[in-house]
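Reading through the structure tokens given below for one structure.
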Amino acid sequence: LKELHALLQEANEADRSAALLWLCFYPEVLRTLEREDAEHYYQLKGAWRLEDHLAASHAFLYGHRYWNEVLAAIVENNCDGSDLVTQTRQLIAKLPHSPAELIGIAVVGLMARRQLGAAALQAANAITSTGPDVASRMKQRATDHKPGMMARLKGEKASIRVLFDENKTDAWFPIIATQEITTAAEADKRPWHEADARCNPGMGPIPVDCKSGSCGTCWVGILAGNENLEPMSDFERKRIAYFGYHDNPFIDPSDHKPLIRLACQAVVKGSVSIVIPPWNGVFGESRRKRETAR
Ligand code: FES
């Protein structure tokens, strides 16, 4: 694991945390929930089957643009993802781009291969969009909203904000320091439910059910600005463990500001950039043990 973290440090700065987030969004434990009624029992909602949206699952990585090439190289070289670090180095040596640009997406591709097998990888749709370059992403991430002169004249004010999709210029909402992320998101009345059926109309772009840490719907990945979040409370930590979102080796359970948070519990003190995973569920260890006991 240390070697993987060291490898990701060699990735371009836009993909270091993004690749880790992808690994957290699609943990191997999800593949072990093998029962006919898994969806019902583990309360899985949204696009939780990686094979159904593999090519789109990493659109928040800069390296997304190299997906087709990475995919072809994985298949051609019979990589199985068993050793992420060694095989990533082998792959990036074969492709005609800078290693820093490829590392993140190669790690993602190999993990997808490990979980889904070669056939699913070959069936993954080709990507068509690429998103902003590294410099534009880094310039935007975790930055305050600063209205232009005309907007200021109309009364628009500077604010801290939450960016939730850096492939879109308008995917952000303002937030007040000491607010929970979902509280601020609710003021965004655009029809986000049309793009994600888990969103409630008028409740913002982050899916929520309870807003009290009970349901696990609102989990998000922190792409940038982690320093602008308050540390996790004991309550948030316990709830995340119950839901299972920290059940993977890429999260340090003792970290007081981990990359995965519950947006209804996470309080900001400055601008942050987040990624909203396309699914949610309740599959923590205690629930899995109960299932095994049954
Ligand atoms: S909305 Fe239910 S846990 Fe956050």
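Give me the percent relative contact order of the chain, please, defined on Cα pairs under 8 angstrom at least 6 residues apart.
For the chain, the relative contact order is 22 percent.
Whole number please: convex hull volume per residue, Cα atoms of the chain, in Å³.
It comes to 138 Å³ per residue, whole-number rounded.
If you take the alpha carbon radius of gyration of region 43-113 and divide it by 2.2 N^0.38 Å, what ratio comes out, to two decimals?
So the Cα radius of gyration is 1.11 times the expected 2.2 N^0.38 Å.
How many percent of the alpha carbon pairs in region 147-244 exceed a separation of 18 Å?
Cα-Cα pairs of region 147-244 separated by over 18 Å account for 54 percent.
List the GluC sites (Glu not before Pro) within region 137-244 that DSSP assigns to loop and that have no more than 14 neighbouring Cβ atoms inside 10 Å.
156
Quick one: plug the Kirkwood hydrodynamic radius of region 56-191 (C-alpha pairs) into Stokes-Einstein at 10 °C, 1.306 mPa s, and report D in µm²/s.
Diffusion coefficient, whole number: 91 µm²/s.
Hey, what did region 1-144 get for relative contact order, percent, Cα under 8 Å, at least 6 apart?
Averaging sequence separation for qualifying contacts and normalising by length gives 35 percent for region 1-144.
Contour minus end-to-end for residue 135 and residue 214, with contour as 0.36 nm per residue of separation and end-to-end as the Cα-Cα distance?
Separation in residues times 0.36 nm, less the Cα-Cα distance, equals 24.6 nm.
Can you give me the three principal axis dimensions of region 132-200 from its C-alpha atoms, in Å, biggest first?
So the three principal-axis extents are 36, 31, 24 Å.
Between residue 90 and residue 149, what is the FRET efficiency for a Förster distance of 51 Å, r being their Cβ-Cβ separation, to the nearest 0.05?
Efficiency for this residue pair is about 0.45.
Looking at region 160-207, which trypsin sites (Lys or Arg not before Pro) are DSSP coil and have at most 13 other C-beta atoms within 10 Å of their C-beta?
Hits after loop and neighbour filter: 168, 189.
Considering the options 265, 249, 222, tell which one lies farthest towards the positive end of the dipole of region 211-292, charges being +1 on Lys and Arg and -1 on Asp and Glu at the Cβ, about the Cα centre.
Positive-end residue among those listed: 265.
Which pairs, out of 45/168; 45/146; 139/189; 168/257; 154/269; 2/211, put more than 28 Å between their alpha-carbon atoms?
Violating the 28 Å Cα-Cα cut-off are 45/146; 2/211.
Any read-out appearing in this document is the output of simple, stated calculations on the displayed coordinates, not a laboratory observation. Small disclaimer: the values here were computed from a predicted structure and weren't measured. Neighbour counts are summed over all protein chains in view; Cβ atoms, including those assigned to glycine, are modelled from backbone coordinates with ideal geometry.
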